[in-house]
1. For volume of the Cα convex hull per residue in Å³, the listed values are [x] 161; [y] 128; [z] 145; which was obtained by calculation from the structure presented?
2. Given Cα positions, please report Rg to Rh for segment 144-198, the hydrodynamic radius being the Kirkwood one.
3. Computed on alpha carbon atoms, what radius of gyration and Dmax characterise segment 4-85, expressed in Å?
4. If we count other beta carbons within 10 Å of each Cβ, what is the order of Lys178, Lys185, Lys249, Lys23, fewest first?
5. Cut-off is 10 Å between beta-carbons; in what order do Arg20, Arg59 appear when sorted fewest neighbours first?
6. What angle, in degrees between 0 and 90 and rounded to the nearest 10, separates the Cα long axis of helix 286-299 from the longest principal axis of the Cα atoms of the chain?
7. Eight or more residues apart or on different chains, and alpha-carbon atoms under 19 Å: count the Lys pairs in the chain matching that.
8. Add -39500 (n - 2.57) for each DSSP H run of 4 or more in the chain, then divide by its residues: what number comes out at 222 nm, to the nearest 500 deg cm²/dmol?
Amino acid sequence: MIRLKDIDLNLLVVFQLMYRERKTGVVAEQLGLTQPAVSNALARLRLALHDELFERTARGMRPTPFADSIAESVGYALTTLHDGLNYQERFDPVTSDRTFCIGMTDLGEIYILPKLMAYLAKHAPNLSITTVRDQDHTLKENLEVGMADLAIGLLPQLEAGFYQRRLFDQDYVCLMRKNHPLAVKKLELADFEHFEHVIIEAQGTGHCNVEKELARNGMTKLCKLRLAHFTSAPYIVAETDLVATVIEKLALQTAERFDLIVKPHPADMPSLQINMFWHRRYHQDSGNVWMRNVIFDLFSE
């Protein structure tokens, strides 16, 4: 059995940073240590925990299955201890220079960030925002290990095991240029099928099901262009006869700027619920609570 009295708490701090960063040089810089000191700390922790913890690869240090299994518990324990020791230092948005990391798609950036950043400029001028998407680590892992504070969107992979709060519901609509042949008439399925379409996959979100929903409506050969992200869709439909299936917030945010029109979708498409997610380790964190309340007040419907 591993006993707490045999573990140096500072070694767990090194473990948490290494699990997040995966590079000894970055961990050393953040802790103000040398790389040999970080390597030595990991060697001591490997001995205490009877596991290699991290294996060197071409892309950095990869955690072992045992390291994966303890990462959430270690992070939660260290955060709880830190908050307990600093309970008198409550978050003050006016003076804090904290950086909040929020997982969101480019769609979220287009709709949420302009209003959020304008609010922060007035009420929390020293705060910063960083956005992330799924890359080397999944968004779920980012939230679990503290690389992300919050996530916003249609994110079915976060529905179990995370706190969540509904922000708004959204319907799918059709986005097209103002002079499109379909612009002057009510959009029917028969007309819709005669034009080629932009499909946005947005992997890692529920939006990747759009093509499946169109197929369920009997439309299986519509896709002319498949995009990984939302951002370029307004630029493309503004210059072509392609029709894009997007959610209403994006359509309304970009229609006037790109001289586009928005039409109700003729297919039977599901309504979407956009939620805000956070991990239990930050449920009581005063800064996280403040940011969640700001986002809810600004965007809930």
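1. Computing volume of the Cα convex hull per residue in Å³ and matching it to [x] 161; [y] 128; [z] 145 gives [x].
2. Computed over Cα atoms, the ratio is 1.21.
3. Over segment 4-85's Cα set, Rg and Dmax evaluate to 12.2, 39 Å.
4. By the 10 Å Cβ count, ascending, the order reads Lys185, Lys178, Lys23, Lys249.
5. Ascending Cβ contact count within 10 Å gives the list Arg59, Arg20.
6. On a 0 to 90 degree scale, this one is about 0.
7. For the chain, the number of qualifying lysine pairs is 9.
8. Dividing the helical sum by the residues of the chain leaves -12500 deg cm²/dmol.
All of the numbers you see were taken from the coordinates with simple rules; none came from a lab. Keep in mind it's a predicted model, so treat the numbers as computed, not measured. No Cβ is skipped: glycine too gets one built from the backbone with ideal geometry, and neighbour counts run over all protein chains shown.
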